[in-house]
1. Just a yes or no: is a residue in segment 22-29 exposed (fewer than 15 other Cβ atoms within 10 Å of the Cβ) and on the phi > 0 side of the Ramachandran plot?
2. Assuming Thr103 fulfils every condition listed in (1) of a type in the set (Val, Ile, Thr); (2) outside the structural domain of Arg115 (by TED's automatic domain parsing); (3) within 26 Å of Arg263 (Cα to Cα) apart from one, which condition is it?
3. For Thr114, all conditions in the list (1) closer than 25 Å to Asp266 by Cβ; (2) not in a loop (DSSP other than H, G, I, E, B) hold save one; what is the number of the exception?
4. From Ala99, Ala91, which residue is farther than 16 Å from Glu276 by Cβ and free of Cβ contacts under 8 Å to residues at least 40 places away in the same chain?
5. Being at pLDDT 95 or above, assigned to a loop (DSSP other than H, G, I, E, B) and closer than 17 Å to Val271 by Cα is the requirement here; does Arg43 meet it?
6. Restrict the check to segment 261-282 and report whether at least one residue is surrounded by fewer than 18 Cβ atoms within 10 Å (Cβ to Cβ) and over 24 Å from the mean Cα position of the chain (by Cα).
7. Show me the helices (runs of 4 or more DSSP H) entirely contained within segment 169-283 in which 3 or more residues are in contact (Cβ under 8 Å) with a residue 60 or more places away in the chain.
8. Which one is farthest from Gln122 (Cα to Cα), of the residues in segment 48-98 that are outside any helix (DSSP H, G or I) and within 18 Å of the chain's Cα centre (by Cα)?
Amino acid sequence: MYSNPSIKPDPSCNPQHDAETLRKAMKGLGCNKDKVIRVLCTRSNAQRQQIALAFKQLYGKDLISELKSELSGDFENLILALMENPVKYDADQLRHAMAGIGTRESVLIEIMTTRTNAQIFQLKQVYKQIYGRELEQDLIGETSGHFKRLLVSLCTGARDESNQTDPLRANQDARKLYKAGEQRLGTDESAFNAILASQNYAQLRMVFDEYQKTCGHSIDQAIASEFSGDIRDGLQAVIKSIRNRPGYFAELLYNAMKGMGTRDGDLIRIVVSRSEIDLAIFA
């Protein structure tokens, strides 16, 4: 839907030469971070994997292990994130968000609401390979209520990804959402889940427009008034990413940097995961 990456494959990339440059950058006392940046921050992920392979062939050492021993702090975290396979990186981020005491629901929302069907399918496979666990079962175990059901629906990776639209159905679904929420006492969350987690983006944008026409205010306002907590945040993320995905990630970036202290982990995850997709649009 949107494509304006900040990192593109470098046609002049020479994996062997880059591996040699990185080796020189890490030899002796200290590490030449500028050289590390010049190489790894200007290559695509696929090219970084080729560089890592060349490094191992030339020196018999694992590039990631060498980087870990030479770097520290947020710079280390950024470089290691850039070296990760994107699907494995998502799997690691989800696992870390659910491991230990407490769950970082915001990470689950960010990843599960913005990945394609193919990405979710790969994510589930890689998650099982790495952790020996089913992603869906971990989501069920770490969340609850209607938020859990939303995540399970998204985890199926079965959203319609066509661009076909049906104006009549959009009007009917807008009315269904109104009846399931604002028109009744209590909210039928399953109706929102069924529509927002399954239909294609073009159709849902039409539903949102019909809701505005029918009800005189936005679907966003309805979600804010009818829901609370994680399910509200999850549904709002779905709507924002469907309407304007770069805008959604721009908001996440802003939230990661505002106030006292920066949420560096969130900042790194957003920048790295969108760097070859649409980062240049919103950063």
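1. Yes, segment 22-29 contains a residue that is exposed (fewer than 15 other Cβ atoms within 10 Å of the Cβ) and on the phi > 0 side of the Ramachandran plot.
2. It is condition (2) that Thr103 fails.
3. Going through (1) closer than 25 Å to Asp266 by Cβ; (2) not in a loop (DSSP other than H, G, I, E, B) one by one, Thr114 breaks only (2).
4. None of the other options fit; the residue is Ala99.
5. Considered against the rule, which asks whether it is at pLDDT 95 or above, assigned to a loop (DSSP other than H, G, I, E, B) and closer than 17 Å to Val271 by Cα, Arg43 comes out as yes.
6. no
7. Where helices (runs of 4 or more DSSP H) fall fully within segment 169-283 and carry at least 3 residues being in contact (Cβ under 8 Å) with a residue 60 or more places away in the chain, they are 229-243, 245-257, 264-274, 279-282.
8. Glu84
The values are calculated or read from the model by the stated rules, or taken from the named source; none is laboratory data. What you are looking at is a predicted structure, and each value in this text was computed from that prediction instead of being measured. Quick reminder, even Gly has a Cβ in these numbers, built from the backbone with ideal geometry, and neighbours come from all protein chains shown.
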